[in-house]
Amino acid sequence: MHFKKSFPKLAKSKNITNIMNSGSNPAINKKHEHFSCKYLVVASFLFSSEGLRWCLHAQICNKSIIQKGLPEIPVSLFFISTLKTEKQPIPMKKQKLNLSCSRIPAHVGDVVTPVSIYLKLRDLFPNTILLESSDYHSGNNSLSFICFNPIADFIVDKETVKTRFPDGNKSEIKLPGQKSVPQIMQEFIDSFDIPETEQKECPVPASGLYGYTSYDAIRYFEDITLNVNTDAPHSIPDIRYHLYQSVIAFNHFTNQLYLVEHLLPGQESSLNDTLEILKNRSVPSFYFTPIENEQSPLNEQQYMEMVTKGKEHSYRGDVFQIVLSRQFSQAFKGDEFNVYRALRHINPSPYLFYFDYGNYRLMGSSPESQLVIEKGLATINPIAGTFRRTGDDLKDMKLAEELSQDPKENAEHVMLVDLARNDLGRNCREVKVKTYKEVQYYSHVLHLVSEVTGKLRDPNAVARVMADTFPAGTLSGAPKYKAMQLIDKYEPHNRGYYGGCIGKLGLDGSFNQAIMIRSFLSKDNTLFYQAGAGVVSESVEEKELQEVNNKLGALKKAIEMAAEF
């Protein structure tokens, strides 16, 4: 878009230094008439004694507004979007279900762990999944789930939405269609009719859809074209969620164990059968062996050359920041669950997961949430700014001080905090930065972490909120639209799962999913793993390469350790 031609009055202003457009504006480009203009944003940057300040002008339906940035943040940025027009959803047929919650006796529950239960169930029930948290000292993050026997599916694969319901009904919708993917997903969520009293009486929030959304699914949420190769070795369905009949829930905070079941009317509980399985003391174990050396489509020199290109785009003002990643693959034979066991030991994190889908598996130890929604409050925790730990606590404390003062790391973090504010602002009111630039310690690295919250305007539009905050700015860059276009241009591989989100989508309007980082995809006896670094104009190629290697450290060590089990 030509700045002076489109905004002749604003172009004369000495304060205007840049304009960023994340997509074609339908008010200017008539070929996008099937989009509705939500907002068009122009940034005006003002210099003062306090540093670089800013003023944000926005035009929404010809009404001008002014929004001010956070007083403690010297630089602010924004994300402009043209959202797809959505018609009012036509509700799917309601699926009546009963929710059964049974306490598992202590003499059974106190001799098992989430891992041991998963190992007992996985050969009896295909597509069993495991979610854990290493933070047992907080009531909010003290739950682990083992889900088995899927009875409903929501899968988006190769431009087709496939659904299956507990009553056996199935459907397929070719994309693009009259409804958007978030709209179809919300209808699917709303189709399950569980008595509200049963949900409230269940002591653990286990009822919901469990699954993932891959990075490549962004093409279903925004007007962006990605060169997705569905025949790539690491290709998997873009979106996949299941409602499971049975969920075993650990409450580590209270040391209690429950069986939560979604049952059709008249269907009996399988509690007794489940107890017999849990009493079985024999757990099969298998070996894991890496084969040959790891492979990557980019060598170190090629990655640094890609970083140089990212810096050039930042200098030109195309992006403020872009996250460029490097993919690896490792052939193996044996049981990759040993890799997960090693990873959870090496890199304990709030989000531990192992999702088995038969012909492929997703596993990881992610430190970062994609989005959390609880009782109408949405939260994003941007993690940006990384130093490698030394192994010496005193030296790490000094490093933490250096990290909190590092100009490049702080500039990157500020951008992504403000991007989180803008993402939440699309569907929330009272958007606030609750915690700002807190240094947190992980197994191999130190990170700067913030917390941004907002109250949902519509508590019944969780799928839309997920889509509008996807993917995380910490995995794409800012502005997102342009950053993702450049990622697609320069990275020699589809991202696939990497940078997407995985976890639980509650039937009660809640949402809690992790970003798929520090993670593996296992497919056809090959492990795929990936890490990236945020590139800005001040980046140093060698340092960005080192940041990628630091983030890969726990993954590579897990592969080595798994071979010793």
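The values are calculated or read from the model by the stated rules, or taken from the named source; none is laboratory data. A quick note: this is a predicted structure, and the numbers were derived from the prediction, not measured. A quick note on method: Cβ atoms are made from the backbone with ideal geometry, for glycine too, and the neighbour counts reach across all protein chains shown.
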- Go through (1) part of a strand (DSSP E or B); (2) not assigned by TED's automatic domain parsing to the domain that holds Ser476 one by one and return the number of the condition Leu343 breaks. (1)
- Message: Just to be sure before I move on: is Ile502 closer than 16 Å to Gln327 by Cβ and surrounded by 23 or more Cβ atoms within 10 Å (Cβ to Cβ) in the structure I sent?
- Response: no
- Residue under evaluation Thr390, criteria (1) over 25 Å from the mean Cα position of the chain (by Cα); (2) closer than 30 Å to Thr526 by Cα; (3) of a type in the set (Ser, Thr, Tyr), criterion not met: (2)
- Query: Any residue at all in region 117-131 that is surrounded by fewer than 16 Cβ atoms within 10 Å (Cβ to Cβ), touching a helix residue (DSSP H, G or I) at 6+ places or on another chain (Cβ under 9 Å) and not hydroxyl-bearing (Ser, Thr, Tyr)?
  - Reply: yes
- Task: Under 9 Å between Cβ atoms, at least 6 apart or on separate chains: pull out the pairs that start in region 274-293 with a residue that is assigned to a loop (DSSP other than H, G, I, E, B) and end on any residue that is surrounded by 12 or more Cβ atoms within 10 Å (Cβ to Cβ) and among the hydroxyl-bearing types (Ser, Thr, Tyr).
- Result: Val283/Ser116
- Just one of Gly532, Gly499, Gly553, Gly503 is in a loop (DSSP other than H, G, I, E, B) and under 29 Å from Thr379 (Cβ atoms); which is it? Gly499
- When only residues in region 255-289 that are within 31 Å of the chain's Cα centre (by Cα) and closer than 21 Å to Tyr244 by Cβ count, which is surrounded by the fewest Cβ atoms within 10 Å (Cβ to Cβ)? Gln256
- Note on Ile322: of the conditions (1) over 25 Å from Leu130 (Cα atoms); (2) in contact with a Lys or Arg (Cβ under 7 Å, 6 or more places away or on another chain); (3) of a type in the set (A, V, I, L, M); (4) assigned to a strand (DSSP E or B), unmet is (2)
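Only one of Lys395, Lys375 is under 28 Å from Thr469 (Cα atoms), basic (Lys, Arg) and either free of Cβ contacts under 8 Å to residues at least 24 places away in the same chain or out of contact with any helix residue (DSSP H, G or I) (no Cβ under 8 Å at 6 or more places or on another chain) (or both). Can you tell me which? Working first, answer last.
Details: Lys395 fails: under 28 Å from Thr469 (Cα atoms).
None of the others qualify; the one that does is Lys375.
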- Task: May I ask you to verify whether Leu416 is touching a Leu at 6+ places or on another chain (Cβ under 8 Å) and either among the acidic types (Asp, Glu) or crowded, with 17+ Cβ neighbours inside 10 Å (or both)?
- Result: no
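Residues are listed down the side, and each one gets a yes or a no for (1) within 30 Å of Ala531 (Cα to Cα); (2) hydrophobic (A, V, I, L, M, F, W, C):
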site: Leu259; (1), (2): no, yes
site: His262; (1), (2): no, no
site: Glu268; (1), (2): no, no
site: Lys279; (1), (2): no, no
site: Phe286; (1), (2): yes, yes
site: Asn293; (1), (2): yes, no
site: Pro297; (1), (2): yes, no
site: Glu300; (1), (2): yes, no
- Query: Taking region 416-447, which residues are at pLDDT below 85 and either among the small types (Gly, Ala, Ser) or closer than 25 Å to Ala467 by Cα (or both)?
  - Reply: Ser443
- Message: Taking the condition of being in contact with a Pro (Cβ under 7 Å, 6 or more places away or on another chain) and assigned to a strand (DSSP E or B), how many residues in region 367-403 meet it?
- Response: 1
- Applying the selection to region 219-245, what residues are surrounded by 23 or more Cβ atoms within 10 Å (Cβ to Cβ) and touching a helix residue (DSSP H, G or I) at 6+ places or on another chain (Cβ under 7 Å)? Tyr220, Asp238
- Restricting the first residue to region 542-565 and requiring it to be within 16 Å of Phe520 (Cα to Cα), which pairs with a second residue that is of a type in the set (Asp, Glu) meet a Cβ separation below 9 Å and a spacing of at least six or different chains? Asn549/Glu300; Lys556/Glu294; Ile559/Glu294; Ala562/Asp335; Ala562/Glu336
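Before we move on, is Leu209 in a strand (DSSP E or B), in contact (Cβ under 8 Å) with a residue 12 or more places away in the chain and among the hydrophobic types (A, V, I, L, M, F, W, C)? If you could, list the steps in order and put the result at the bottom.
On the way: in a strand (DSSP E or B): yes; in contact (Cβ under 8 Å) with a residue 12 or more places away in the chain: yes; among the hydrophobic types (A, V, I, L, M, F, W, C): yes.
The answer is yes for Leu209.
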- Item | Single unsatisfied condition, Thr254 versus (1) part of a loop (DSSP other than H, G, I, E, B); (2) among the polar types (S, T, N, Q); (3) not assigned by TED's automatic domain parsing to the domain that holds Leu119 | (3)
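Residues are listed down the side, and each one gets a yes or a no for (1) aromatic (Phe, Trp, Tyr); (2) in contact with a Pro (Cβ under 8 Å, 6 or more places away or on another chain); (3) in the same structural domain as Asp190 (by TED's automatic domain parsing); (4) surrounded by fewer than 21 Cβ atoms within 10 Å (Cβ to Cβ):
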position	(1), (2), (3), (4)
Lys437	no, no, no, yes
Tyr441	yes, no, no, yes
Leu448	no, no, no, no
Val452	no, yes, no, no
Leu456	no, no, no, yes
Val462	no, no, no, no
Met466	no, yes, no, no
Phe470	yes, no, no, no
- Mind checking whether some residue in region 290-298 is among the aliphatic types (A, V, I, L, M), surrounded by 12 or more Cβ atoms within 10 Å (Cβ to Cβ) and under 25 Å from Asp238 (Cα atoms)? yes
